[in-house]
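One structure is given below, encoded as structure tokens.
The values are calculated or read from the model by the stated rules, or taken from the named source; none is laboratory data. All values reported here derive from a predicted model rather than from experimental measurement. Don't worry about glycine lacking a Cβ; one is built from the backbone with ideal geometry, like all the others, and counts go over all protein chains shown.
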Amino acid sequence: MNTPLVFTNTSRWFGDVVAVNDISCTVEPGITGLLGPNGAGKTTLLQLAAGLLPASGGTVRVFGDNPFGAVGTYANVALVPEAEAVPGMLTPRQFVTARAALLGVANPPDAAQRALERVQLLDAQNRALGGFSKGMKQRAKLAAALVHEPRLVLLDEPFNGLDPRQRAQMMHLLDAQASSGTAVVFSSHILEEVEGIASRVLVVVAGRLAASGDHRELRRLMTDRPHTVHVRSSDDRALAGSLVSNASVLGVSLDDARLTVRVTDHAALAKALPVAARSLGVSLYEVRPADESLEHVFSYLVQR
């Protein structure tokens, strides 16, 4: 009953489109990163957890209850959507106070004051939101989400469009919130953002849970996978003949005047390639990983 969020064989589809496919996982207090490429189903998962959508199959439980249609559950949950839309004519104080009143919080002005102080917006609390930067709008949305002291906070791509300083501020705010015992779940398509703050990572691609664990486990999975590298040199054929005997090389191919190398150990190839080129008198023009994008990485994890 005290577990913040549990998905059990959860699916959600829209007509013929399957957005979430048979996902089972548990979210505990602390920071959980929901990592996946665009269109992976991250937003749908957050909306299911917030009670904005019903599951098409399986179950969603927030502190033991189905959040969809359960008004009482909303007192413990907050969702910060990716959309930047805020009432531009209102000030942060008016915006957050109004939300506190709608949620039935005792003494909305005092609650708004505490929330704005938490996100460091007191100095700008009486300025119109319409003139705020992306980062300040994100903090205003976070203040509105935290005004009723929720125990589960869901954020959809909270770092999108933030500069490095704003990103650091947001990370500090989320870390402070988690330190108070809150369960924080945020989505991102950038591994470095997730591993910089999340204690646990859920990797989602094509609506499926591809992997889970801390960022060290995910880095290991990504390092262990086969790599494809494109090489362009002054003599691709000679270079291919030399590399094929390397223990880390799974295979080489020559197509369209380009050498493609498949390896089990990217670092080993990085060491072997210049040595082979030097011994053959070959000039290296380009060495480019072909499968380092998140989409490739996630696809590999799903296929495991």
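At a glance:
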read-out	value
Single unsatisfied condition, Gly104 versus (1) at pLDDT 95 or above; (2) assigned to a loop (DSSP other than H, G, I, E, B); (3) not acidic (Asp, Glu)	(1)
Breaking point among (1) touching a strand residue (DSSP E or B) at 6+ places or on another chain (Cβ under 6 Å); (2) more than 29 Å from Leu116 (Cα to Cα), for Leu155	(2)
Residue that is nearest to the chain's Cα centre (by Cα) [pool: residues in the stretch 140-157 that are over 13 Å from Val77 (Cα atoms) and surrounded by 24 or more Cβ atoms within 10 Å (Cβ to Cβ)]	Lys141
All positions within the stretch 8-24 that are on the phi > 0 side of the Ramachandran plot and at pLDDT below 95	Gly15
Residues within the stretch 8-28 that are surrounded by 14 or more Cβ atoms within 10 Å (Cβ to Cβ) and either free of Cβ contacts under 8 Å to residues at least 40 places away in the same chain or over 11 Å from Val185 (Cβ atoms) (or both), tallied	12
Selection status of Ala49, in the same structural domain as Phe132 (by TED's automatic domain parsing) and surrounded by fewer than 18 Cβ atoms within 10 Å (Cβ to Cβ)	no
Filter result for Val96 (buried (at least 16 other Cβ atoms within 10 Å of the Cβ) and outside any helix (DSSP H, G or I))	no
Total residues in the stretch 9-41, condition of a type outside the set (S, T, N, Q) and not in a strand (DSSP E or B)	9
Residue count, the stretch 241-290 (criterion: in contact (Cβ under 8 Å) with a residue 40 or more places away in the chain and of a type in the set (D, E, K, R))	2
Hits in the stretch 240-280 (condition: in contact with a Lys or Arg (Cβ under 9 Å, 6 or more places away or on another chain) and part of a strand (DSSP E or B))	Val249, Leu250, Gly251, Val252, Ser253, Leu254, Arg258, Leu259
Residue among Arg165, Arg127 that alone is surrounded by fewer than 21 Cβ atoms within 10 Å (Cβ to Cβ), over 17 Å from the mean Cα position of the chain (by Cα) and part of a helix (DSSP H, G or I)	Arg165
Of residues in the stretch 183-220 being β-branched (Val, Ile, Thr) and touching a strand residue (DSSP E or B) at 6+ places or on another chain (Cβ under 6 Å), the one surrounded by the fewest Cβ atoms within 10 Å (Cβ to Cβ)	Ile197
